[in-house]
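This structure is in structure tokens; I'll ask about it shortly.
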Amino acid sequence: MGTRFRVWFTALFAAALAALGVSNAGAQQVTTLIQFTNVWKYDQTGLELGTAWRTNDYDDSAWPSGPGLLGFEDGLAPYQVHAPRLTPLTVSPAVTTFYFRTSFQFTGSLEGLTLFATNLVDDGCVIYLNGERVGGVRVPVSFNATTTFSGPTVEGQLDVVALTNLAALRRGANQLAVEVHQSSALSADVMFGMKLVAVNETPLVITNQPQSQTVTVGDPVTLRVGVSGGPVTYRWLKDGFLLPFTSNSYVLASAQFTHAGNYQVVCTNTLTVVTSSVATLAVVTELNGPTVLSAVADNGFGPRSINIKFSEVLTTASVRNTNNYTVTRLGNTSTVAFTNVLYSAALGALLQLDANGPDWIPYADYVVTINNVTDSKGNVIAPNTTVPVSWAYTTNLVRAA
């Protein structure tokens, strides 16, 4: 298996949910380092500040400060779904870049760590951690402070960034610096807010192995694995070859002979790679033919009818073939003539008897003999299957005085 397949961990989606405040309890440890309402120092003078402003030693004591969200928007509703605009900024054609600085404490483990920044930004930004660039939104690596960039597709959208270069992260105090760019000098709004979370993955342990199964052709199949720890990336294999299934379940709506084989699932995160035991799926042909559940005369379909219920769905051609049925009265060798057979999977077969036939006596004892009726898998009913005919009765129930 190792020569055919190698798993690369991709947990951006799961960790993005954690960055939005959604976590799988027990699967991963999520610590919020900065909230959207965090206080930031900011500069909106429009001056080119070079690179020194990103560093930990830069003196920002003269900068004003305020809690997020920081900005100016005519229509605040899309942004205020996530957080209020608490600090107004001034928009001017002379200002295409806004600078923000804040600090946070980090005391957690670096093992299996990923930092995610969920940004509310109009229009784009570059993110620095302790002076090192670690991410950005709609801003390419090659840029300068006066460059403008395209804006968000939708106002108020959440832009989630997995921060890179985590070697810049320190235990204790950390400095975060963000450079927000306008999409043009004529941009009439600006907005910035960030939620920063640390996600520590936890080792994976398989708690429930996928189970071997034997099914008939056409049956549904589900192979499932249970895992503690997380987040988890799932990769299913059949006979050592990768399958396009990436959840904890391998599901088939209708098993075919080609699905038979040995299945495993590889569960991965940056800390752990665990492989399940082998689950063997066997797909066989069903050998049992259909059986008769009941045969009822005058069952709401008229006095000269017999309603026959079967144990499973039948092929229409076989069940509607009048040559496959014989109706006889006990103690009499004569057969009862019938004109047609109707069928639906829900109601069963309906034998319509000849209205002029002399051998049909209400409430007499009859039997139906059935041959050559087949189910959807081609299995044939047992030869000369015989079932007695019962009669439907309508009674009036009177409560005793």
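The values are calculated or read from the model by the stated rules, or taken from the named source; none is laboratory data. This one's a predicted model, so the numbers in the text were calculated from it and none came from an experiment. Quick reminder, even Gly has a Cβ in these numbers, built from the backbone with ideal geometry, and neighbours come from all protein chains shown. We work out accessible area using only protein heavy atoms, side chains counted, and drop any ligands, DNA or RNA first. Shrake-Rupley method; radii C 1.70, N 1.55, O 1.52, S 1.80 Å.
What are the residues whose amide H is under 5 Å from the amide H of L353, where those residues sit 5 or more places off or on another chain and H is modelled from the backbone?
It is S305, I306, T339, by chain and number.
Quick check on region 41-137: take the gyration tensor over C-alpha atoms, sort the square-rooted eigenvalues as a ≥ b ≥ c, and tell me if it's rounded (a/c under 1.5), prolate or oblate. Walk me through the numbers on the way to the answer.
Working: a/c = 1.87, a/b = 1.22, b/c = 1.53.
Oblate, because a/c is 1.5 or more while a/b does not exceed b/c.
Given 0.36 nm per residue, what is the gain on full extension from N288 to N321 after removing their alpha carbon distance, in nm?
Working: separation 33, 0.36 × 33 = 11.88 nm, distance 2.08 nm.
Net length gain for the segment: 9.8 nm.
Next up: Based on the mean of other Cβ atoms within 10 Å per residue, sort peptides 355-361, 131-137 so the most packed one is first. Don't skip to the end; give the middle numbers.
On the way: 355-361: 13.0, 131-137: 19.9.
Per-residue Cβ counts within 10 Å, averaged per peptide and sorted highest first, yield 131-137, 355-361.
Kirkwood hydrodynamic radius for the chain: how many Å is it when counted over pairs of different Cα atoms? Write out the running numbers ahead of the final one.
Details: mean 1/r = 0.0360 Å⁻¹.
Here the Kirkwood hydrodynamic radius works out to 27.8 Å.
On to the next question. Let me check the size of region 249-317 from its C-alpha atoms; what are the radius of gyration and Dmax in Å?
Values for region 249-317 (Cα only, Rg and Dmax): 23.0, 74 Å.
For N200 and W391, what is the calculated FRET efficiency with R₀ set at 51 Å and r taken between the beta-carbons, to the nearest 0.05?
Numbers: r = 73 Å, r/R0 = 1.43.
For R0 = 51 Å, the calculated efficiency reads 0.10.
With the dipole of the chain worked out from charges on the C-beta (+1 for Lys and Arg, -1 for Asp and Glu) around the Cα centre, which of A188, Y42, A162 lies farthest toward the positive end?
Value: A162.
What is the set of long-range amide H partners of Q211 at a cut-off below 5 Å, with H atoms built 1.01 Å from backbone N?
Here the answer is R224, since their amide H atoms fall under 5 Å of that of Q211.
On to the next question. When the chain is fully extended, how far beyond the present Cα-Cα distance does R224 get from L242, taking 0.36 nm per residue of separation?
Length difference between fully extended and current span is 4.9 nm.
Here's another thing I want to ask about it. Highest mean first, how do 83-91, 95-103, 289-297 rank when packing is the count of other Cβ atoms within 10 Å averaged over residues? Write down the numbers at each step before the final one.
Working: 83-91: 16.3, 95-103: 21.0, 289-297: 18.6.
The packing order, highest mean first, is 95-103, 289-297, 83-91.
What relative contact order, as a whole-number percentage, does the chain give when Cα pairs under 8 Å and 6 or more residues apart are counted? Write down the numbers at each step before the final one.
On the way: 934 pairs, mean separation 56.9, N = 401.
Here the relative contact order equals 14 percent.
Something else about it: If you take the beta carbon distance between T37 and T214 as r and set R0 to 60 Å, what does 1/(1 + (r/R0)^6) give as a FRET efficiency, to the nearest 0.05? The partial results should precede the final answer.
Values: r = 58 Å, r/R0 = 0.97.
So, using R0 = 60 Å, E works out to roughly 0.55.
Right, another one. Compute the Cα gyration tensor for region 305-355, then decide on rounded, prolate or oblate, letting a ≥ b ≥ c be the square roots of its eigenvalues: rounded whenever a/c is under 1.5, prolate when a/b is larger than b/c in the other cases, and oblate in all that remain. Display every interim value, and only then the final one.
On the way: a/c = 2.12, a/b = 1.92, b/c = 1.11.
Prolate, because a/c is 1.5 or more and a/b exceeds b/c.
Can you check what the Kirkwood hydrodynamic radius comes to for region 149-210, Cα pairs only, in Å to one decimal? Could the numbers behind the result be given before it?
On the way: mean 1/r = 0.0619 Å⁻¹.
About 16.2 Å, per the Kirkwood formula over Cα pairs.
Taking the Cα centre of the chain as the origin, how large is its charge dipole in debye, to the nearest 20, when only Lys and Arg (+1) and Asp and Glu (-1) carry charge on their Cβ atoms?
For the chain, the charge dipole is close to 920 debye.
Between region 80-105 and region 194-246, what is the C-alpha centre distance in whole Å?
Centre-to-centre distance over Cα atoms comes out at 43 Å.
If you don't mind, there's one more thing I want to ask. Summarise the long-distance tail of P(r) for region 82-134 by giving the % of C-alpha pairs beyond 18 Å. Could you put the intermediate results ahead of the total?
Values: 710 of 1378 pairs.
In whole percent, the long-distance tail amounts to 52.
Residue by residue, what Karplus-based ³J(HN,Hα) values in Hz, rounded to whole numbers, does region 125-138 have, using 6.51, -1.76 and 1.60 with θ = phi - 60° and x for Gly and Pro?
After applying 6.51 cos²θ - 1.76 cosθ + 1.60, I find 8, 10, 10, 10, 10, 6, x, 9, 5, 10, x, x, 10, 6 Hz.
Bin all alpha-carbon pair distances of region 199-282 at 5 Å intervals from 0 and give each bin's fraction as a whole percent.
3, 16, 26, 23, 15, 8, 5, 2, 1
Same structure, new question: In straight Cα distance, which aspartates and glutamates are under 18 Å from K309, not counting same-chain residues fewer than 8 positions off?
Output for K309: D298, D375.
Something else about it: Any number yet on Rg/Rh for region 85-228, C-alpha, Kirkwood? All intermediate terms of the calculation are to be shown ahead of the outcome.
Values: Rg = 21.8 Å, Rh = 18.2 Å.
Computed over Cα atoms, the ratio is 1.20.
Quick one: compute the contact order of region 159-296, relative version, from alpha carbon pairs under 8 angstrom and 6+ residues apart, as a percent.
Numbers: 216 pairs, mean separation 33.2, N = 138.
Relative CO of region 159-296 lands at 24 percent.
Continuing with this model, one more query. In Å², and per residue, what accessible area does the chain have when probed at 1.4 Å with the other protein chains present?
49 Å²
Sequence neighbours fewer than 8 away in the same chain don't count; with that in mind, list the lysines whose C-alpha is under 20 Å from K41.
Within reach: K195.
Identify the residues of region 116-133 with backbone N under 11 Å of a label point that sits 7 angstrom from the Cα of T51 along the Cα-to-Cβ direction, or state none.
132-133
³J(HN,Hα) across region 78-90 via Karplus (A = 6.51, B = -1.76, C = 1.60, θ = phi - 60°), whole Hz, x for Gly/Pro?
Those phi angles translate into x, 7, 6, 4, 9, 6, x, 7, 9, 10, x, 10, 9 Hz.
Roll a 1.4 angstrom probe over the protein heavy atoms and tell me the percent of accessible area of region 270-401 that is carbon or sulfur. Before the final figure, lay out the partial values.
On the way: 3900 of 7410 Å².
After summing per-atom areas, the C and S share lands at 53 percent.
Give a residue-ordered list of calculated ³J(HN,Hα) values for region 285-295 (Karplus: 6.51 cos²θ - 1.76 cosθ + 1.60, θ = phi - 60°; whole Hz; x for Gly, Pro).
Coupling constants for region 285-295: 7, 5, 9, 7, x, x, 10, 9, 8, 6, 9 Hz.
What does the charge dipole of region 204-347 about its Cα centre add up to, to the nearest 20 debye, if the Cβ of each Lys and Arg holds +1 and the Cβ of each Asp and Glu holds -1? Don't skip to the answer; put the middle values down first.
Details: 7 positive and 5 negative charges, 36 e Å.
The dipole magnitude comes to about 180 debye.
Which of the aspartates and glutamates could a cross-linker span from K377 if the Cα-Cα distance has to be under 13 Å and same-chain partners fewer than 8 positions apart are dropped?
D219, E286, E312
Ok, one more. Show that you can apply the helix-only estimate: for the chain, add -39,500 (n - 2.57) for every DSSP H stretch of four or more residues, divide by all residues, and state [θ] at 222 nm to the nearest 500.
Details: 3 runs with 16 residues, N = 401.
Only helices count here, giving -1000 deg cm²/dmol.
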